[in-house]
1. Would you list the helices (runs of 4 or more DSSP H) that sit entirely within region A:72-181 and hold 1 or more residues that are at pLDDT below 95?
2. Taking the stated definitions as given, is A:L7 more than 13 Å from ligand 2 (Cβ to nearest atom) and more than 27 Å from A:H241 (Cα to Cα)?
3. For residues that are away from ligand 2 (no atom under 12 Å from the Cβ) and within 14 Å of chain B (Cβ to nearest Cβ), scanning just region A:22-55, find the one that is surrounded by the fewest Cβ atoms within 10 Å (Cβ to Cβ).
4. Check region A:136-151 and report whether any residue there is of a type in the set (D, E, K, R), within 14 Å of another protein chain (Cβ to nearest Cβ) and within 16 Å of ligand 2 (Cβ to nearest atom).
5. Of the residues that make up region A:178-191, is at least one over 13 Å from the mean Cα position of the chain (by Cα), open to solvent by 10 Å² or more (accessible area, probe 1.4 Å) and among the aromatic types (F, W, Y)?
6. Report whether or not B:A190 is among the small types (G, A, S), within 14 Å of chain A (Cβ to nearest Cβ) and surrounded by 20 or more Cβ atoms within 10 Å (Cβ to Cβ).
7. Scan region A:14-35 for residues that are near ligand 1 (Cβ under 10 Å from one of its atoms) and under 14 Å from the mean Cα position of the chain (by Cα) and report the count.
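The values are calculated or read from the model by the stated rules, or taken from the named source; none is laboratory data. All of these numbers come straight from a predicted model, not from anything done at the bench. Cβ placement follows ideal geometry from the backbone for every residue including glycine, while neighbour counts extend to all protein chains displayed. Heads up: the accessible areas ignore ligands, DNA and RNA and are worked out on the full protein's heavy atoms, side chains in. Shrake-Rupley method; radii C 1.70, N 1.55, O 1.52, S 1.80 Å.
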Amino acid sequence: MSALLQLQNIHKAYDGLRVLDDVSLSLAPGEIVSLLGPSGCGKSTLLRIAAGLDQDFSGALEFNPLLQFGRGTGIGVVFQEPRLMPWLNVAQNVSFADGWIADEKWVQQLLRDVGLSGHADALPKKLSGGQAQRAAIARGLYGKPHVLLLDEPFSAVDAFTRMKLQDLLSELAERYEIAVLLVTHDLDEAFYLSDRVLILGGTPSRLQRELAVPLARPRDRRSAELAYLRGEALTELYQSHAI
Amino acid sequence: MSALNLRLSRWAERLPSLRPSLANLRGWAVPLALLLGLETLVRSGILPAHQMPAPTQVAQTLFHLAVSGELLRHINASLLRVAGGFLIGAGLAIVIGTWVGLSRRAEAYLEPTFQALRAIPSLAWVPLLLLWLGIDETPKVVLIALGAFFPVYLALLAGIRNIDRKLVEVGQLYQLSRFALVRRILLPAALPNLFTGLRGALSLSWMFLVAAELIAATRGLGYLLSDGRETSRPDLVIAAILLLAVLGKLSDSLLKYWETRALSWRDSYQGGEN
Ligand SMILES: Nc1ncnc2c1ncn2[C@@H]1O[C@H](COP(=O)(O)OP(=O)(O)O)[C@@H](O)[C@H]1O
Ligand SMILES: [Mg+2]
């Protein structure tokens, strides 16, 4: 198996209400894949299943044995909200996985990476929304994961901060050779960042379409190719009555 | 001109820092006036001295107690009882409260019993405790522990049940063991509630100490109270009341200081300037 993470024929229902219907996807090493769909279509549900936080589903979830090397599960997760522990400072939050035996050097490095070097001792209440989300990204990277799962990580920050964080994510994924599965409802974000965009829609949700984004990085947000792909996705979303 | 303005505004900036101390002084005005009034009333014979001792007489009594070493003996005995009962009651409450908070099943088994036990006013246990445990230290400490248990238990349970599920999910993500989940997420997150419970428990502990010592004791501040009544010495009673007030306030301040330090991470409204 060359994929790092594979979801096969996933079906999921909440109290008899079907949410996901036969969804399959895989994530190859170094790849950035976006899962795009309207709010309520089951994106978070799918991501929670992939993260192992929800075991109540039918279908198969397979991890590459490669993920077992190194610490933890080999998977990092960043949620929609920062979810920092308010009683721990930024550095302690980043190294939460290790508690008292934190790798201080690695924490410093990560804080530099996400632009929070001066804030190691700050409590979460002192951080802006964007800074808190940066800290959450650093925490997601602390376990040196091969796979990073992100659930609408930038939806709560302003447009300018969002663009900066998107660039940061793409840069870090490349530097640390991490495969990324990004859940989003933002067309621009999906195409700007990804190698592939999967469109989820319908009730219950199925994968409607897969669009490849064969553009070199760094990309130009204003490029005609990206605009064209966004158009394609919009058409698809209209046809599946998602919007 | 502008230099003067600047100087004036600097002055104005300093003023607010003077105000709190002024406010503190204002708080002394009423008690001092009352003491002074009382002293004059008693000295002039309007109030009978055998019922209402003059403040100076109470001070004298306290002084004598202190010099003879009696004071320290009574305070020591009371402090030990409160500390023992409070620590045992609060400790048990933390353990059981965490357990019930973690497990719906434990809650199903234990909650109804605790509800029923809580409905009994704790002082109603006194005769039973005396029958079972005699009249030495044990029943006193047990009574205080009983009083300290419920505030802590209830506050902690409410605190744990109020924790944001999203934070607990982070713990799940890092595959924390049950114990680690309690230590690293549940207890810290429930700490604000826990402190509220602890402070309530502490004040109840003092109350139950007095109850226990009034009934059967040869030492302690509660004993001073009943001794003062039996020997018709209101100055002794008032001295004991004052000591209880001071000790209660001191121990609460200690806990409050600890609370402020432990909860400095909280991002909550601290009240306005005015
Ligand atoms: N814990 C839950 N219990 C019941 N229904 C849920 C639960 N979580 C999500 N749902 C439902 O599942 C659907 C998909 O939710 P979600 O995965 O959060 O969507 P998205 O992340 O795409 O906005 C929604 O209709 C939502 O109401
Ligand atoms: Mg969602």
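1. It comes to A:104-113, A:129-142, A:159-175.
2. It is false that A:L7 is more than 13 Å from ligand 2 (Cβ to nearest atom) and more than 27 Å from A:H241 (Cα to Cα).
3. A:Q55
4. Looking for residues that are of a type in the set (D, E, K, R), within 14 Å of another protein chain (Cβ to nearest Cβ) and within 16 Å of ligand 2 (Cβ to nearest atom), one finds at least one in region A:136-151, hence yes.
5. no
6. For B:A190, the condition - among the small types (G, A, S), within 14 Å of chain A (Cβ to nearest Cβ) and surrounded by 20 or more Cβ atoms within 10 Å (Cβ to Cβ) - is met.
7. 1
Okay, residues lined up against (1) closer than 30 Å to B:G228 by Cα; (2) modelled with pLDDT under 95; (3) hydroxyl-bearing (S, T, Y); (4) open to solvent by 60 Å² or more (accessible area, probe 1.4 Å):
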position: B:E70; (1), (2), (3), (4): yes, yes, no, yes
position: B:S78; (1), (2), (3), (4): yes, no, yes, no
position: B:V82; (1), (2), (3), (4): yes, no, no, no
position: B:E111; (1), (2), (3), (4): no, yes, no, no
position: B:I135; (1), (2), (3), (4): yes, yes, no, yes
position: B:A155; (1), (2), (3), (4): no, no, no, no
